[in-house]
Structures are given as C-alpha cells and as structure tokens.
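Q: Have a look at this one before I ask anything.
The values are calculated or read from the model by the stated rules, or taken from the named source; none is laboratory data. Every value quoted in this text rests on a predicted model; they were computed, and no experiment measured them. Glycine gets a Cβ as well: all are built from the backbone with ideal geometry, and neighbour counts include every protein chain shown. Ligands, DNA and RNA are excluded from the accessible area calculation, which covers all protein heavy atoms including side chains. Shrake-Rupley method; radii C 1.70, N 1.55, O 1.52, S 1.80 Å.
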Amino acid sequence: MDFLRPASWEEALAAKAEHPTAVPIAGGTDVMVEINFDHRRPEYLLDLNRIGDLGEWEVGEESVRLGASVPYTKIMENLRAELPGLALASHTVASPQIRNRGGVGGNLGTASPAGDAHPALLAAGAEVEVESVRGSRRIPIDAFYTGVKRNALAADELIRAVHVKKADGPQQFSKVGTRNAMVIAVCAFGLALHPGTRSVRTGIGSAAPTPVRARAAEEFLNAALEEGGFWDNGRIITPSVAKQFADLCSAACNPIDDVRGTASYRRHAVGVMARRTLTWTWESYRGARRTTEGAA
Amino acid sequence: MRVNFTVNGRPQEADDVWEGESLLYVLRERLGLPGSKNACEQGECGSCTVRLDGVPVCSCLVAAGQVEGREVVTVEGLADFAKQRAEGGCASGACGTSLQNAQEWQAQGTDSQTGEGTELSPIQQAFIDAGAVQCGFCTPGLLVAADEMLERNPNPTDADIREALSGNLCRCTGYEKIMDAVRLAAARQSEAV
Ligand SMILES: Cc1cc2nc3c(=O)[nH]c(=O)nc-3n(C[C@H](O)[C@H](O)[C@H](O)COP(=O)(O)OP(=O)(O)OC[C@H]3O[C@@H](n4cnc5c(N)ncnc54)[C@H](O)[C@@H]3O)c2cc1C
Ligand code: FES
Ligand code: FES
C-alpha cells in the first residue's frame with residue numbers, strides 16, 4: 001500500500017489521475033473501518049486532510065458552498081440557519097467523535113442508502129461539484145446516486161464541494177433507529193418547504209437501493225397546496241391531504257428486509273415520518289406567516 | 001513509512017508504520033502508550049478517544065499518515081495537559097509529557113486513595129472520587145471526552161454531558177457514576193474559579 005499526501009487540490013487531482021484506483025480518505029470514518037476489518041486493501045490511500053479548502057464553506061446569495069470535508073460538527077454549529085435540514089441530519093450521525101471527522105464528501109463518496117446527509121440534500125436541492133484534471137462539473141443531487149453504494153463519480157474525479165440551496169422555508173429531518181446516538185438509520189426522511197417556488201421537496205433514506213425523492217408525493221402535495229390556496233391563506237393542511245401525501249411517500253419506497261427492519265415496517269415508518277415532518281414544517285411556516293403578516 | 005507528530009506536547013517519530021495502520025495502533029504498539037484502548041476498531045465504543053489538534057476523535061479511525069505534523073493528546077498526557085490549561089498555557093516551552101513518563105504513567109495506590117501521590121487531572125480525580133471506574137476499559141476514552149467538554153462548556157447540563165459522552169460505551173457502571181463524576185468535576189472547576 002502507498003500513502004499519498006497531496007498538499008494542494010491540484011496535487012490531489014494529479015494523483016487521482018495517475019492512480020485512478022487510489023481511495024481518497026477524508027475523515028476516514030468509513031474507509032478505516034473497512035481497512036481495520038480487512039474488507040478493503042487499496043493499493044493507494046489518498047489523504048485529503050492537508051487540503052485546507054475542503055474544510056471551508058461559503059454562504060452565497062442562493063446557496064452554501066460546502067467544502068467536501070467540512071465535518072458534521074461544523075455544519076451543526078455554523079449552518080443551522082442556512083441549512084436547517086442538513087444540520088438536523090448531521091446531528092443524528094453517530095457520535096461527537098465521528099461527527100468531528102466525518103463529512104458530507106465522505107457520505108457522498110460512500111453513497112450508502114443509509115447515509116444521513118442524502119435525504120437532507122435531496123429535500124433542500126443541491127449540486128455536487130466534482131473535478132478531475134480533465135475539468136470541473138456539477139452533478140445535480142438527483143443524478144448523483146446511481147446504485148447501492150454507487151455514485152456518478154468517474155474514476156479520476158474527486159468531490160470538491162456541495163452547493164446546497166439556502167433554506168427559504170422550514171425544513172425537517174427525521175430518522176428511525178433503536179436509540180438516539182450511534183444509530184444507522186432503519187429509515188430516514190427529509191422534507192423542505194420552498195415558499196419561494198411554492199413547492200415541497202422530499203428525500204427518503206434507507207428505504208430503496210439509493211436515496212430517493214418521493215416525486216409523486218411532491219407533485220400531489222404541490223397541486224393540493226396550490227389548489228387550496230394554502231401558501232396564501234396559511235390554513236392547516238387537511239388531514240386527508242396529509243394522509244394522501246404520506247401514502248404516496250410510502251409508495252415511493254422500495255425497501256428490503258434486513259437486520260435493522262422489515263420492508264413493510266420501513267414503508268409504514270416513512271409514511272409516519274412524512275406526515276409528521278409535513279405537520280412540523282407547515283406549523284412553522286404558518287407561525288412565521290403570522291409573525292411577519294400579523295394575521296391569525 | 002515514518003510518521004512525525006506531536007504526542008502530549010513532545011515531538012515523536014514512529015517508524016515502519018504500515019500505510020493502512022491506525023493512529024490507535026501507532027500509539028499502542030509503536031510508541032508504547034496503551035492508555036487508549038482498542039475495543040471495537042470501528043468507531044462504536046469511543047475507548048480509543050484522543051484529541052487530534054484539540055478535537056476528540058476515535059484514534060482507531062484516523063490513518064497514521066494523516067497525523068503527520070499534527071498534535072495528539074492521549075490519556076497519558078491528560079494530567080499535564082489539564083495543568084497547563086489551568087496555568088494558562090505553556091510559557092516556558094518545556095511542557096508536555098515525555099514518552100518515557102507517559103509510558104510509565106500510572107495512578108498509584110490500590111484502595112480508595114488511588115491516585116494519591118500522582119498528580120491527576122481534575123476529571124481523573126473526580127472519576128475516582130465518584131466511583132466511576134469499574135473494569136476501567138472505557139475510562140481513558142471517557143476522560144478525554146469529558147475533559148474536552150468541560151473545557152468548552154464549564155457548566156454543562158445533564159443533557160450536555162450525555163450528548164458529549166454519547167460516543168463512549170461503558171459495559172460496567174450503568175453510567176450513573178460517570179454522570180456523577182463529570183458533575184463533580186464541573187462543580188469543583190467552578191468553585192476554583
Ligand atoms: C461508528 C460509526 C457510526 C456511523 N454512523 C453514521 C450515521 O449515523 N449516519 C451516517 O450517515 N453515516 C454514519 N457513519 C458513516 C460515516 O461516518 C459517514 O458516511 C461519513 O460521512 C463519512 O465521511 P468521512 O469523511 O469520514 O469519509 P471517508 O471514510 O474518509 O470516506 C468515505 C468514502 O468517500 C470517499 N471520499 C471521501 N472524500 C472524498 C472526496 N472529496 N472525493 C471523492 N471521494 C471521497 C472515500 O474514498 C470513501 O469511499 C458511521 C460510521 C461509523 C464508524
Ligand atoms: S476502538 Fe475506536 S471506537 Fe472502539
Ligand atoms: S468501567 Fe468497565 S466498561 Fe466502563
């Protein structure tokens with residue numbers, strides 16, 4: 001094994017081009033487990049820790065450019081207002097020690113259906129900035145997950161940053177597990193209200209081969225909210241609408257039975273989380289409307 | 001490969017390090033510092049917790065090559081580390097714990113007076129006083145994690161303590177005495193100020 005330690009992003013891209021099989025290591029919280037248990041013996045490890053830019057973020061007009069290696073702890077501490085869904089999801093990852101090391105770049109690199117960043121990124125709307133010596137491109141988050149633990153990266157590409165849309169409305173993240181800390185999701189759900197575009201986006205984790213959006217559910221809800229004038233009148237969402245939304249979210253799942261839960265439990269739980277996160281976010285949207293418009 | 005890094009305030013060099021090796025392995029097997037424990041090697045138990053550039057991490061999940069040029073504090077250096085912090089840093093530049101002292105570090109005594117004669121950090125003393133140590137396997141990781149929390153948050157609520165220690169498993173104590181120990185250390189710390 002060789003340990004490559006590029007001191008700059010350019011050096012890292014050159015190293016990845018020269019050794020496409022090199023395994024990047026950022027926080028190491030996925031990679032080191034595999035090495036410690038001999039599940040993986042890469043020929044090259046490509047250390048990204050010396051590249052300072054990867055640990056930085058910038059808050060722009062429309063979106064946050066989040067460096068690939070920004071640890072979850074920093075997201076929770078610094079980006080709660082801009083990226084509430086991702087900050088909530090970050091807080092549910094493992095433990096403080098893991099959150100101090102692991103980040104979204106590694107979560108995307110692993111692309112596990114159970115990765116907690118994914119539902120939040122899908123719901124908020126995001127693009128993954130990837131680069132190789134051949135050039136840079138942005139992959140829409142919806143096109144990033146290509147299969148179980150597979151993503152759209154080419155062999156010579158590295159993830160540089162994730163551009164996540166800044167929240168323009170309430171966001172929620174919900175996760176089912178056996179306890180609060182150190183839990184890999186049985187299933188998870190992210191929801192973001194986008195009052196600016198009068199739309200709702202979702203993200204489902206651990207209930208299909210890849211993280212997915214519940215598109216039919218989103219379309220149904222967008223139409224129902226528009227039709228009932230809900231965005232303007234701020235009324236409570238009709239229980240039948242919430243139920244239909246939840247059922248469509250369940251239907252978007254394609255889960256399996258495994259040690260953590262059965263397929264039917266996952267489908268059920270996703271429906272429950274969909275209804276709850278919709279209620280929570282909608283209540284907070286109504287509350288914000290009341291305070292800004294002074295109407296009941 | 002060779003790895004140069006700072007351990008408990010002193011520069012160290014580890015030789016013949018395998019490229020896939022963890023920081024935990026380097027500390028225990030190459031530098032002779034077995035304080036950080038190896039219980040799971042997968043980030044689940046926290047018994048290998050050390051500070052990397054000040055930040056608590058699972059040393060089993062840090063690749064040895066990633067610590068080149070960086071600073072690590074282990075439980076063996078915790079007493080000196082806490083002392084320096086209390087004294088407001090290392091003015092003389094000759095602080096830290098030598099490898100030999102770290103290797104030989106032990107809390108002396110076998111009864112309830114354990115620790116007498118050896119200088120302990122406040123959190124270590126509180127663990128002893130509160131009876132928070134049974135088999136002791138989880139203790140080093142908990143000490144490092146708890147000490148860091150008290151540095152950041154001198155007046156933690158119970159919820160803060162639980163959150164900060166949520167990455168450290170203990171199979172013996174049921175955690176109540178550990179909670180007592182951290183509350184005790186926090187209380188003593190605020191009295192001292
Ligand atoms: C005890 C434990 C509990 C965990 N619990 C959770 C949990 O609750 N939720 C959750 O989502 N995850 C969990 N994880 C998994 C892990 O912490 C996350 O996936 C984390 O986001 C990985 O980030 P990292 O920086 O440590 O990645 P690394 O381990 O460094 O890398 C992960 C993968 O991404 C690739 N990679 C990293 N950076 C880049 C880059 N810039 N460009 C291209 N590829 C890259 C690596 O080659 C590797 O394939 C847990 C892990 C452990 C050990
Ligand atoms: S040995 Fe590192 S977390 Fe268990
Ligand atoms: S005292 Fe035995 S594991 Fe904690």
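Q: Report the residue count in segment B:36-66 for those that are facing chain A (nearest Cβ under 7 Å) and either away from ligand 2 (no atom under 14 Å from the Cβ) or crowded, with 23+ Cβ neighbours inside 10 Å (or both).
A: Adding up the residues that qualify gives 13.
Q: Let me ask you something else. Residue under question is A:Thr146, and the condition is that it be open to solvent by 40 Å² or more (accessible area, probe 1.4 Å), more than 9 Å from ligand 1 (Cβ to nearest atom) and either at pLDDT 95 or above or in a helix (DSSP H, G or I) (or both); does it hold?
A: So A:Thr146 passes the test.
Q: Right, next: Checking the conditions here, which among B:Phe137, B:Phe81 is within 15 Å of ligand 3 (Cβ to nearest atom) and either at pLDDT below 85 or more than 14 Å from chain A (Cβ to nearest Cβ) (or both)?
A: B:Phe137
Q: Of the conditions (1) open to solvent by 20 Å² or more (accessible area, probe 1.4 Å); (2) within 17 Å of A:Leu191 (Cα to Cα), A:Thr281 satisfies every one except a single condition; which number is it?
A: (1) is the only condition that A:Thr281 fails.
Q: Say we look at segment A:13-24 and pick out the residues that are closer than 16 Å to A:Leu108 by Cβ and touching a residue at least 24 places away in the same chain (Cβ under 8 Å); which of these is most open to solvent (accessible area, probe 1.4 Å)? Break it down into steps so the answer makes sense when it comes.
A: Taking segment A:13-24 and keeping what is closer than 16 Å to A:Leu108 by Cβ, we get A:16, A:23-24.
Imposing the further condition that a residue be touching a residue at least 24 places away in the same chain (Cβ under 8 Å) reduces the set to A:16, A:24.
Working: A:Lys16: 14, A:Pro24: 46 Å².
Looking at residues that are closer than 16 Å to A:Leu108 by Cβ and touching a residue at least 24 places away in the same chain (Cβ under 8 Å), I get A:Pro24.
Q: Can you name the number of the only condition in (1) in contact with a helix residue (DSSP H, G or I) (Cβ under 6 Å, 6 or more places away or on another chain); (2) more than 16 Å from ligand 3 (Cβ to nearest atom); (3) open to solvent by 10 Å² or more (accessible area, probe 1.4 Å) that B:Val26 fails?
A: With respect to (1) in contact with a helix residue (DSSP H, G or I) (Cβ under 6 Å, 6 or more places away or on another chain); (2) more than 16 Å from ligand 3 (Cβ to nearest atom); (3) open to solvent by 10 Å² or more (accessible area, probe 1.4 Å), B:Val26 is out only on (3).
Q: Is there a residue in segment B:42-49 that is outside any loop (DSSP other than H, G, I, E, B), in contact with a helix residue (DSSP H, G or I) (Cβ under 9 Å, 6 or more places away or on another chain) and in contact (Cβ under 8 Å) with a residue 60 or more places away in the chain?
A: There is at least one residue in segment B:42-49 that is outside any loop (DSSP other than H, G, I, E, B), in contact with a helix residue (DSSP H, G or I) (Cβ under 9 Å, 6 or more places away or on another chain) and in contact (Cβ under 8 Å) with a residue 60 or more places away in the chain.
Q: Of the residues B:Gly69, B:Gly109, B:Gly88, which is at pLDDT 95 or above, more than 17 Å from the chain's Cα centre (by Cα), surrounded by fewer than 24 Cβ atoms within 10 Å (Cβ to Cβ) and on the phi > 0 side of the Ramachandran plot?
A: Exactly one of B:Gly69, B:Gly109, B:Gly88 is at pLDDT 95 or above, more than 17 Å from the chain's Cα centre (by Cα), surrounded by fewer than 24 Cβ atoms within 10 Å (Cβ to Cβ) and on the phi > 0 side of the Ramachandran plot, namely B:Gly69.
Q: Ok, one more. Out of segment A:29-56, which residues are closer than 21 Å to A:Lys165 by Cβ and touching a residue at least 40 places away in the same chain (Cβ under 8 Å)?
A: The answer is A:Leu54, and nothing else.
Q: Tell me which of these A:Arg99 doesn't satisfy, since it passes every other one: (1) under 17 Å from the mean Cα position of the chain (by Cα); (2) charged (D, E, K, R); (3) surrounded by fewer than 18 Cβ atoms within 10 Å (Cβ to Cβ).
A: (3) is the only condition that A:Arg99 fails.
Q: Report the residue count in segment A:245-285 for those that are modelled with pLDDT of 95 or more, among the charged types (D, E, K, R) and over 21 Å from the mean Cα position of the chain (by Cα).
A: Residues flagged as modelled with pLDDT of 95 or more, among the charged types (D, E, K, R) and over 21 Å from the mean Cα position of the chain (by Cα) within segment A:245-285 amount to 2.
Q: Quick one: which residue in A:Ala114, A:Ala185 is away from chain B (no Cβ under 14 Å), modelled with pLDDT under 95 and either open to solvent by less than 20 Å² (accessible area, probe 1.4 Å) or under 24 Å from A:Lys74 (Cβ atoms) (or both)?
A: None of the other options fit; the residue is A:Ala185.
Q: Any idea which residue in segment B:137-189 is farthest from A:Ser95 (Cα to Cα), counting only those that are among the polar types (S, T, N, Q) and more than 16 Å from ligand 2 (Cβ to nearest atom)?
A: That would be B:Gln189.
Q: Can you say whether A:Asn78 is within 11 Å of ligand 1 (Cβ to nearest atom) and modelled with pLDDT of 95 or more, as far as the supplied structure shows?
A: Criteria not met by A:Asn78.
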